[in-house]
Structure formats: C-alpha cells, structure tokens
1. Please pick out the residue among 86, 73 that is assigned by TED's automatic domain parsing to the domain that holds residue 17 and closer than 18 Å to residue 291 by Cα.
2. Can you tell me which residues in the range 97-116 are without any contact (Cβ under 8 Å) to a residue 40 or more places away in the chain, under 28 Å from residue 185 (Cβ atoms) and of a type in the set (S, T, N, Q)?
3. What tally of residues in the range 303-319 results from selecting those that are more than 25 Å from residue 26 (Cα to Cα) and crowded, with 16+ Cβ neighbours inside 10 Å?
4. Suppose the filter is within 23 Å of residue 296 (Cβ to Cβ), in contact with a Gly (Cβ under 7 Å, 6 or more places away or on another chain), at pLDDT 95 or above and surrounded by fewer than 24 Cβ atoms within 10 Å (Cβ to Cβ); does residue 67 pass it?
5. Determine, yes or no, whether residue 282 is farther than 26 Å from residue 35 by Cα and within 17 Å of the chain's Cα centre (by Cα).
6. Of the residues 154, 94, which is charged (D, E, K, R), in a loop (DSSP other than H, G, I, E, B) and exposed (fewer than 13 other Cβ atoms within 10 Å of the Cβ)?
7. What's the number of the condition residue 86 fails, among (1) hydrophobic (A, V, I, L, M, F, W, C); (2) more than 19 Å from residue 114 (Cα to Cα); (3) touching a Cys at 6+ places or on another chain (Cβ under 9 Å)?
Amino acid sequence: MIAGVTAKGGIVVEEPGMLTTVQDLGRWGWQHDGVSVSGAMDPRSHRRANRLVGNGDEAATLEVTLTGPMLRFEQACRIAVSGAEFELFLDDYRVSCDTVLRAEPGQVLRFGRRTDGARAYVAVAAGVDVPTVLGSRSTHLGSGMGGLEGRALRRGDRLRIGPAADPTPEAGVLAAHAPRPTVGGGSQVRILPGPHCDLFRSADPLAMLAAARYRIRPESDRMGYRLEGAAIAGCDIGGLSHGFLSHAVPAGSVQAPPDGGVIVAMADRHTAGGYPRIAMVITADLPRLGQLAPGDWIEFVPCEMQEARARLASAEQEWSCG
C-alpha cells in the first residue's frame, strides 16, 4: 500500500477537479539546498479553512484550482471550504463556503460553478494526513515531492484524516475574523522596489509597471504568473543585457526576462534565478495574488515600506483575534 493511502476511512477522490493538491504553509528552511517552499498559493484562505474546523494553521488542506473535485467521506468528520467562491453541495444539499459542515460516512462534497477567485481550500478536522517530507506535507509538482506521491490527486485516490479527528461536535457557522478578499476578475497589488530596480534603463521602472494593466497568460501556474502587457525595458550590467549571477527569488518577485515580458514568482518558484527583479509584491497582498487565474488582470501600485509593514501588521492582527 502506498504512503498516504488507506484501505478504509478517510477521503475518497471521486473526481479530482482540474488541479487538486495537498498543501500546507510550505517547506521552509531548505531553500539554501535548492528545495522550493511550495505551500498554499493563498495562505490566508488555507488558514481560515483550518481555523473553521479547529485545526492549527499548519495542518494540511486540499488546494482546489479553478474547477473542484468530488470527495466522498468514509468517516464522520468536520469540514470547511474557504478561498475562492464556489457553489458547493454536500450530497444534494446546497451548502456554503466559510461554514463548518459535518460530513457523515458516505456523503459526497461536490464543487459546482466558481463565481470568484481561483483557489479554494478544503480543511478537515485533524488535517489531511500524508507523510511529511522535509518538515512539510506540501506538494511540489515540479520535483514530485510531498503531498500524495508528489502529484495532483487522481480519481480513486484515498487520503487519510489525522488521528485526532473528532466527529462529535455539531456543525455550525463560524465567522472567520479576517475578511475574505474578492478579486472579481482582477486585482491591484502593491509593490516595493526590487533589488535590481536601479539597473533598468527607464528612469522610473516602478512607474512603468504602475502605468499598465497586465493580464495573466494561460501558461501561468503555481511556479509563476507570466503576464502580457507593456514590455519592460531591459537592464544593462557591464554591457551585458541580463548578464549577472543567479540570486534568491522570494514569493512575489516581479521579474523581467530578456523578452521584455513580466513574470511574478509564486509558491512553486525556483529558489534562485537569473532574471532581474524590478519589484516585489508586498507580503500582505500575496494571498490576493494567489486568487488570480489566467485571464485575470493585475495592476501594480507602488507603495512605501512603511505602508507595506503596516498592512502586514494589520493582517496579522486580524488573525491574532482568531
């Protein structure tokens, strides 16, 4: 029997959806060895779903992308779905996102039409129980690491639920303290100057980004968003266009490849890369960025470090009340 699969109990994947993976808050502490962080694209919604069912923030959830799965529960458990707004059904009954639900053995959770956002998170009390790899249960698709065999879920997969699951409390509505952002086909995100900002030919490269509206191209994925829109003038280092050593690539790095396009590094990004970084999306706006889908628009809004810190502190304060 493969790791993370059980013969009975737990969750059975009836239909996998477009891309459903096991994620937590990421595989931190290994970037110096070239191991990607991965983790939830929208960590705020991941945390919300976990808190609704009484889990710690680090518990593994199922990240659902664009179209949702059908999941059959083979044991009684508490579940919640947060993040993108979907029509949801427990058997034939319409249920709501951001609500604590009690699933009985044999019941099926089905995702219908998506009305806002790109990614939802399914939390189950005690968490999705797959083996930890380097301290995390997150799936990194590029390396085949973590999650269930390092891949997206498939029809017929079975997932364990953590051993501390408590199916006895009644289901009810639990209002999350932090507001759920909506994106409605696009979003503004705030940016700070990147470490290579002053190497670009433009006198004000952040203004170049701020003056344009970009769209996420279809080939975008968990590694990064490729954007279409106004081209970015190249940088010149020692007479060699884009010619410098690789450097660390944090989440939200706005990169300028040689073709003049724009890439935003996301959860499954490489730990290092050689494209210049013109800007950085502020940490407080990364969850909103994670809810965007191919075809959605992005507008970059320059801000000061003081504002970036204040917005992050405000977001964390909202969660401290949870």
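The values are calculated or read from the model by the stated rules, or taken from the named source; none is laboratory data. As the structure is a prediction and not an experimental result, all values here were calculated from the model. We place every Cβ from the backbone using ideal geometry, glycine too, and count neighbours over all the protein chains shown.
1. Details: 73 fails: closer than 18 Å to residue 291 by Cα.
Only one candidate qualifies: 86.
2. Matches in the range 97-116: 115 only.
3. Adding up the residues that qualify gives 1.
4. Yes.
5. So residue 282 fails the test.
6. 154
7. Only one criterion in (1) hydrophobic (A, V, I, L, M, F, W, C); (2) more than 19 Å from residue 114 (Cα to Cα); (3) touching a Cys at 6+ places or on another chain (Cβ under 9 Å) is unmet by residue 86, namely (2).
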